[in-house]
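Each remark here refers to the structure printed beneath this line.
The values are calculated or read from the model by the stated rules, or taken from the named source; none is laboratory data. Treat the numbers as computed from the prediction; the structure is a model and nothing was measured. Positions of Cβ are generated from backbone atoms using ideal geometry, with glycine treated the same way; all protein chains shown enter the neighbour counts.
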Amino acid sequence: MDRTTLLDQLLSEERRLRSLAEAEVRAYRKTLTKLALRLAPAAFVARRREDPTSFERFSPAEWESFFESVPQKEERPRGGWGGESGQPSAISGQQAEKHSHQPSAISSQKATGVEQRAEQHSQQPAAHSPQPTANSQLPAANRQPPTAESRPLKADSSTDRRPLKAEGFPLPPSPPSRYAALFANWEREGLALQILATTGWSLRYAVDEALATAVGIGSGSGSIKRLFARLEKLGLVTSQVHDLGGVRAAVLLLSERGKQVAQGCGFALVPCEWELLLQAHGGERQTKHAALCCAFAYQARKRGWTVELCPEVEGNAQPDMRLLRGEDSLYVEVEAESGDAERRMRKWRNQADLQGYVAFCANNGGVRERLVLEAQAASKHGVATDLTALIKGQAGDDSLWVERWGRKAISS
């Protein structure tokens with residue numbers, strides 16, 4: 001063997017050993033980061049806010065200093081962050097269980113909503129106080145193993161996929177005479193009012209797409225934008241645009257006058273998802289959170305899920321929505337990293353106690369990655385996604401989730 005060949009082999013082996021060492025360092029750093037979050041969530045979040053990359057650059061001495069700063073006699077509730085059986089800690093009280101999302105100012109910029117092509121799926125009400133079916137259960141860390149009858153969620157088992165068709169909104173041939181003067185184009189303007197009144201949808205793109213499908217034009221077209229502008233000028237609808245951190249979502253709502261006209265035209269009003277969310281989550285202070293929920297609900301319906309907002313459940317959990325598709329059922333939190341880490345840790349723990357795993361949607365990938373660290377500290381099993389990834393199709397046409405941990409049981 002000549003000297004050059006031997007040198008090449010030595011260099012190759014050195015690179016291999018270096019790669020192994022770097023991989024081990026990354027694994028240790030990830031473990032230390034999770035441990036830091038578990039032991040001192042407040043200090044962890046404070047350090048992250050000062051420097052988001054600090055824990056990726058910590059030296060051994062800095063890690064030692066951080067852990068030495070953690071109070072040694074700090075009392076922590078048994079059974080994890082939520083205490084035994086997911087009970088809230090005495091420190092934060094009942095208010096920590098409420099959805100305390102940060103308010104967001106309404107942008108004045110025009111937007112067409114979250115721009116996606118999708119199939120629409122009409123919402124169907126679900127019974128109050130539902131319990132997840134056996135095939136939606138994953139075992140929580142503090143639960144008994146599943147029975148023989150228990151089955152995980154089946155992958156992409158949708159038999160409930162019903163895309164919106166034009167015949168889904170049979171429009172009367174003409175408006176009532178007392179409202180005839182309002183409409184310049186009854187077929188389209190009346191249909192827009194009917195969709196808003198009878199579906200309860202609030203995301204403008206969902207209404208835009210349904211209208212475009214029904215009349216056979218392209219969604220997001222100039223004619224639909226002008227139609228919405230005219231309805232707003234007439235005082236029949238109101239609109240808002242919300243910046244969700246990387247994505248803008250436009251909301252379109254029937255005004256009080258619009259509701260009166262819709263009822264006068266014979267359209268049966270159903271509860272508006274926007275109003276349901278604001279009533280459940282603190283009114284006008286939670287508009288950003290409500291917009292994020294509406295946008296995720298649209299993405300779920302696009303993939304064949306029926307959406308129930310703000311479902312009532314037993315226990316301490318207060319999920320933002322319940323998703324149903326065929327025999328599958330799961331509860332989902334929608335989170336934009338608002339509030340403090342301890343509140344979110346209780347939320348993840350309560351959700352895991354409710355169904356055996358965590359399931360959440362964030363507003364973008366960066367927030368999702370940080371929230372996954374929290375959720376993994378609270379539950380051994382879970383799934384996560386974010387609105388940006390769903391819009392870009394990174395989860396696929398049928399799946400909602402872009403990240404999973406623990407048992408690979410949730411594939412839908």
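Here are a few things to note about the model shown:
- GLN109 meets the conditions (1) modelled with pLDDT of 75 or more; (2) not in a helix (DSSP H, G or I) in every case but one. The failed one is (1).
- Filter pass, PRO311 being under 23 Å from LYS347 (Cα atoms) and not charged (D, E, K, R): yes
- Total residues in region 345-367 satisfying the condition of being of a type in the set (A, V, I, L, M, F, W, C) and part of a helix (DSSP H, G or I): the figure is 5.
To keep it simple, each residue is scored yes or no on (1) surrounded by 22 or more Cβ atoms within 10 Å (Cβ to Cβ); (2) touching an Asp or Glu at 6+ places or on another chain (Cβ under 7 Å); (3) modelled with pLDDT under 95; (4) not in a loop (DSSP other than H, G, I, E, B).
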site	(1), (2), (3), (4)
GLU314	no, no, yes, no
GLN318	no, yes, yes, no
GLY339	no, no, yes, no
ARG343	no, no, yes, yes
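- Some residue of region 46-61 being surrounded by fewer than 10 Cβ atoms within 10 Å (Cβ to Cβ), of a type in the set (D, E, K, R), modelled with pLDDT of 75 or more and in a helix (DSSP H, G or I): yes
- The C-beta contact set for region 390-409 (first residue more than 27 Å from ALA378 (Cα to Cα), second residue assigned to a helix (DSSP H, G or I), distance under 9 angstrom, 6+ apart or interchain) comprises ILE391/ALA295; ILE391/GLN299; ASP397/LYS302.
- Among the residues examined, ILE224 qualifies as assigned by TED's automatic domain parsing to the domain that holds LEU278 and in a helix (DSSP H, G or I).
- A single entry from LEU244, LEU324, LEU253 fulfils the requirement of being in contact with a Lys or Arg (Cβ under 8 Å, 6 or more places away or on another chain), assigned by TED's automatic domain parsing to the domain that holds ILE391 and surrounded by fewer than 24 Cβ atoms within 10 Å (Cβ to Cβ): LEU244.
- Pairing each residue of region 357-368 that is closer than 16 Å to SER329 by Cβ with any residue that is polar (S, T, N, Q) and in a loop (DSSP other than H, G, I, E, B), provided the two are 6+ apart or on different chains, yields C-beta distances under 7 Å for TYR357/SER379; VAL358/SER379.
- Every residue from region 3-25 that is under 23 Å from GLU56 (Cβ atoms) and among the hydrophobic types (A, V, I, L, M, F, W, C): LEU17, LEU20, ALA21, ALA23, VAL25
- Check on GLN263, in contact with a Leu (Cβ under 9 Å, 6 or more places away or on another chain) and either outside the structural domain of ASN185 (by TED's automatic domain parsing) or closer than 21 Å to SER174 by Cα (or both): yes
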